[in-house]
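Notes follow the structure.
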Amino acid sequence: MDEVLPRDGVSPEELLYWAAHAELSASHPLGRSIVKAYEGTLFPDRVAELVEVTGGGVSARVEGRPVLVGKKSFLQEAGVRTEEGEDHGVTVYAALDGILLGCLRLSDRVKPGAERAVRKLRELGVSNLVMLTGDSSSAGTEVGLKLGMDGVFCGLMPAGKLEHVRRLKPETGLLAFVGDGMNDAPSLAAADIGIAMGGVGSDTALQAADVVVMKGDPLAVPLGMMLSQATERIIVQNIVLILGVKILVMVLGILGLAGMWAAVMADVGVCLLAVGNSMRIFRAKLDM
């Protein structure tokens, strides 16, 4: 949490109190950050009728009073008057009884290892790296430039992300989408390969994904690619080994140069060799 900006007549503690309680059971990482920033005592029994609107925010009744927390557009659609102008960074607004309480400004920090992961993906042959985010253009562009992305699209709702995923699909090759939130679930399902960050991801994202990275580490994405490439090489080696030896023994048998023991070795022996070759994956040296 970078800044707590209440309106006149509202204390920072009061703003955080209502916002934290509304976000108490929310699944979005920003909501968890707001709850963590509130240093007072939380009362879950005071929260009721929690509704999480994908790509917008949350509405709830706290102590019987309606509370809205989320994007500016989310509050405006509910009839809350907010200040005009573009937000700087990641800004979350809160309203009580239909009246704006203020906003909370959070910094969108780049995960450790993200820059290194992007560089490694390029080394592995990924040709187009694009960031799709629901954050404001200022926050999204700053992160995208820092990571060296080929393109950055900001202020996207889940439907907007899905539209970009479908549009970005290449004519040749595959498109992978990496996400962790409920907003990313449609895009994860639509991509050729959906990768969810399990350490911080929502249950909806995990169910929609094809691959789940359990620790939520960005470096796990290029690591998974390298492991899959190493596995593919070993599979091809095993197929060539098995078919080659069997065809050779079959030809020698036709010529009368191979007996029963040769046939047994071509079956059981080659199987053991293939298993031993497959075990090399445990000793694969992956340069990260």
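The values are calculated or read from the model by the stated rules, or taken from the named source; none is laboratory data. Note that the structure is predicted; figures quoted are calculated from it, not measured. Every residue, glycine among them, receives a Cβ derived from its backbone with ideal geometry; neighbour counts consider all protein chains shown. For the accessible areas, the whole protein counts, side chains as well, though only heavy atoms, and no ligand, DNA or RNA atoms are used. Shrake-Rupley method; radii C 1.70, N 1.55, O 1.52, S 1.80 Å.
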Problem - Overall form of segment 156-231 per C-alpha gyration tensor (a/c, 1.5; a/b vs b/c) - result: oblate
Exercise for the section: Note down the nm distance, to one decimal, between modelled labels 7 Å out along Cα→Cβ at residue 11 and at residue 61. Expected result: 2.7 nm
Handout entry: residue 241/residue 215 FRET efficiency (R0 41 Å; Cβ-Cβ; nearest 0.05)
Key = 0.75
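How high is the FRET efficiency between residue 137 and residue 264 when r is their beta carbon distance and R₀ equals 41 Å, given to the nearest 0.05? The partial results should precede the final answer.
Details: r = 69 Å, r/R0 = 1.68.
Computed FRET efficiency for residue 137 and residue 264 comes out at 0.05.
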Handout entry: Ellipticity estimate at 222 nm from DSSP helix runs (n ≥ 4, -39,500 (n - 2.57)) divided over the chain, nearest 500
Key = -12500 deg cm²/dmol
Problem - Estimated translational D of segment 10-59 in µm²/s (Stokes, Kirkwood radius over Cα pairs; 10 °C; 1.306 mPa s) - result: 143 µm²/s
Practice task
Note down the relative contact order for the chain as a percent, whole number, built from C-alpha pairs under 8 angstrom at least six residues apart.
Solution key: 12 percent
Fill in the blank from the handout: Honestly the chain on the Cα gyration tensor test (a ≥ b ≥ c root eigenvalues; a/c under 1.5 rounded, otherwise a/b vs b/c for prolate or oblate) is just prolate
Practice task
Please pull out the direction-averaged projected area of segment 71-183, using the convex hull of its alpha-carbon atoms, in nm² to one decimal place.
Solution key: 8.2 nm²
Problem - 0 to 90° range, to nearest 10: angle between helix 220-254 axis and the chain longest Cα axis - result: 20 degrees
Practice task
Can you check what the net charge comes to around residue 113, using other residues whose Cβ is under 11 Å from the Cβ of residue 113 (Lys, Arg +1; Asp, Glu -1)?
Solution key: +3
Completion exercise
On the formula 1/(1 + (r/R0)^6), with r taken between the Cβ atoms of residue 36 and residue 119 and R0 of 25 Å, the FRET efficiency rounded to 0.05 is 0.20
Completion exercise
Going residue by residue through segment 18-32, the Karplus relation 6.51 cos²θ - 1.76 cosθ + 1.60 with θ = phi - 60° gives ³J(HN,Hα) values, rounded to whole Hz and with x marking Gly or Pro, of 5, 5, 5, 5, 5, 8, 4, 10, 6, 9, 6, x, 5, x, 5
Fill in the blank from the handout: Between the alpha carbon centres of segment 21-66 and segment 139-178 the gap in Å comes to 29 Å
Problem - Cα extents of segment 221-271 along the three principal axes, largest first (Å) - result: 52, 16, 7
Completion exercise
Largest-first ranking of 283, 122 by accessible area, probe 1.4 Å, whole protein assembly kept, is 283, 122
Problem - DSSP-loop trypsin sites (Lys or Arg not before Pro) across segment 157-240, with at most 14 other Cβ within 10 angstrom - result: 215
Practice task
Take the alpha carbon gyration tensor of segment 1-106, find the square roots of its eigenvalues, order them as a ≥ b ≥ c, and report rounded if a/c is under 1.5; if not, report prolate when a/b exceeds b/c, else oblate.
Solution key: rounded
Exercise for the section: For residue 81 and residue 277, compute 0.36 nm times the residue count separating them, minus their Cα-Cα distance, and round to one decimal in nm. Expected result: 63.9 nm
Practice task
Just reorder 100, 124 by solvent-accessible area, largest first, 1.4 Å probe, all chains present.
Solution key: 124, 100
Fill in the blank from the handout: Here the convex hull volume per residue of segment 161-288, taken over Cα atoms and given in Å³, is 147 Å³
